[in-house]
Every structure is written in C-alpha cells, then in structure tokens.
1. Determine the percent antiparallel among the DSSP beta bridges restricted to the stretch 162-311, to the nearest 5.
2. What ranking, highest mean first, results for peptides 295-302, 161-168 when packing means the other Cβ atoms within 10 Å averaged over each residue?
3. Please list, ordered by chain and number, the residues whose modelled amide H lies under 5 Å from the amide H of Ser284; skip anything fewer than 5 residues away on the same chain.
4. Using a 1.4 Å probe, what is the accessible area per residue for the stretch 119-199, in Å²?
5. What is the angle, in °, between the Cα long axis of helix 149-159 and the longest principal axis of the Cα atoms in the chain? Nearest 10 is fine, range 0 to 90.
6. Restricting things to Cα coordinates, could you compute the convex hull volume per residue of the stretch 32-189 in Å³?
7. Give the shape of the stretch 185-277 as rounded, prolate or oblate, defined through the alpha-carbon gyration tensor: a ≥ b ≥ c are the square roots of its eigenvalues, a/c under 1.5 means rounded, and otherwise the shape is prolate if a/b is larger than b/c and oblate if not.
8. Go ahead and estimate [θ] at 222 nm for the chain from helices alone: -39,500 (n - 2.57) per DSSP H run with n ≥ 4, summed, over the residue count, rounded to 500.
Amino acid sequence: MPGIGVIINPHASGNRRRPRRLERFTSMVGEDGEVVATRDLDDLDDSLRRFREKGFDIVAVCGGDGSFYHAVSRVIKVWGEENMPLLLPLRGGTINNLARTLGARRKRPESMLAHVVKDYRQGRTHETTERDLILVNGEHYGYIIGAGLIVNFLRLYYSGKNPGPVRAFYLLARLGVSNIFKTSLIGSVVKPFHADVFCDGERVPFRSFTMLLASSVAHIGLGVRPFYLSARKAGWYHVLAGPSTPGQLLGRLWRFFRGYPANLDTLYDNMARELVVEFSEPQSFTINGDVLDPVKTLRLEPGPRVSFVAG
C-alpha cells in the first residue's frame, strides 16, 4: 500500500545534535510508513528495497545534500527512472542547498515532515516542484558537481569544527583578507588545474582552470545563486568554468549573491546537456558537497527529471 518512507542519516551534523529525531519521526509517521536511521550504504540499499516492495510513494531523506546524493542515486536504481516516488528533502545536514532552492517554507525537518504527513492522511495534493538531476560518470546522480576551487573550499570547510553558515562566512572573509595581503591561504584554495573540457561537443576555450561547476539548482550555499540558468530549460544544466583569478571572483561575489551573470572573460558561462572533462592529472570532484576520489575523466549527462515535495 502507499506510504511514506523516511531515511535518516545519523551521521549528518543536524541529526547528531538531535539523537531523538528517529523517535519523533516514527511517532509522526505512525502506521502510514516507516522511519529508518541507516547505519551504512548497505543498510540504505536494504531499506529502499523494502520501501519499494511496500509500495511507498514518498521517500524522505533527512540529512544534508551529500546524504541526498547517496539516497537518490540508490532510489533511481531501485525504482527506475520512469517510476520514481516523490522525494522529500529534510534539512538535517551541513549543506542544504536543495531545500533552499525548492523554496521549502518550513525549515525544521519535524515541521516539514508533520505537514506532509498531515496532507497525506487528509488526501490532499502535495505541493511539488520538478528539477533535473545530472548523471555523473554513468553511476551517480546529483545536482551540483564541481572540481577545483569548490573542492578545495569544501576540504577547508570540513576541516574545522562546527561546519555551518557561520564557518562558511568566516572562511570567505579569511579568503578575502588573504587575497588582499597575498598570503598562502587563497592560493591553496584557488589553484589552477589543467583539463580539456567539451560542452555539447564544442571545446571550452580554456585549458587552465581554477573552477569548474555544473548545477541544475540555483543555490550553492549562503544564499549565493550563481546558477541563474539552472532551471531555464528542462534537461539542461548550468556550467561555470574558467581560469578566473581570486580577485576577479571575489569582485563579482555580489553578482553571484543576486543571481546575475558574472560577465567575466575568464569564465565560461553557458547551459549544457553533456559535459566531458579530461583532466591532465586525476582530480577529486564533488557531488552535492561530498568530495569523491580523483578521476581522470568526468562525464556529465542529463539525469531524470524528478518531483520534489516542496511544502
């Protein structure tokens, strides 16, 4: 029978601070579904298969964007691209860009889940929105993929205590000061890598890059909205890539915050359906804030268009 399956990532920062969240969610959902705090990825796979067998038509994920990347990649394998359940992202991690982009009015996971369960029980139609996922190297699905600057920033961000908006703003301020005084910090984050990049078969006119980002959602965090083309056309995503210097990027930060084009000659800014990146040396990359092992080639293709419960 239909129902609501809820996955809690107990390792996500917001969930670690609230150890009774499993108990509260279970009480909310009651007999209309199942709530599971997954121990590892094998446990996640088993839980999703069980949800599928029970016919659940909503899958909620309580964790950050990284938790959602792991969960949705497995949901697609279990359900198939053509039979996806509704997806409900609940803010429970360090980075929650998806919930922000979807315009979820209720920030607390408990409030959001309670609202959805109430609508479900009363037979109301859920408020939904659609977004395209990006297929990464034929096996992963995400909505923000990047290499270079973003990976270096994330490593610095995660290395400190209590990652969150305050730490992120603090790091941006430190990077600004470092750029002014030419200290080593800014150079450790904004450092070049070499690659051949092909966007829909055409070569991007750079071979040295400091940043490479592709996204099907508008926000990247802290209210920054650089991906103003992300929802312009179904099946496409927004690409930003180039050898932009720290000064150029920091000088355009206000435009990124407001969702305007950067208007930089050193930044390729376009929509894409297929992006192929051939690194000169293996590079780590990120999907939804998770940093993955180095690869020599990164291939991005259109993923399924999925429906999210937004309110």
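1. 100
2. 295-302, 161-168
3. Placed amide hydrogens put Val295 under 5 Å from Ser284.
4. That works out to 51 Å² per residue.
5. Roughly 60 degrees, rounded to the nearest 10.
6. Dividing the Cα hull volume of the stretch 32-189 by its residues yields 140 Å³.
7. Verdict is oblate for the stretch 185-277.
8. Result for the chain, helices only: -10000 deg cm²/dmol.
The values are calculated or read from the model by the stated rules, or taken from the named source; none is laboratory data. Only a predicted model underlies this, so the values are computations on that prediction, with no experimental measurement involved. Cβ coordinates were reconstructed from backbone atoms using ideal geometry, including for glycine residues, and neighbour counts include every protein chain displayed. SASA here: full protein model, heavy atoms, side chains in, ligands and nucleic acids out. Shrake-Rupley method; radii C 1.70, N 1.55, O 1.52, S 1.80 Å.
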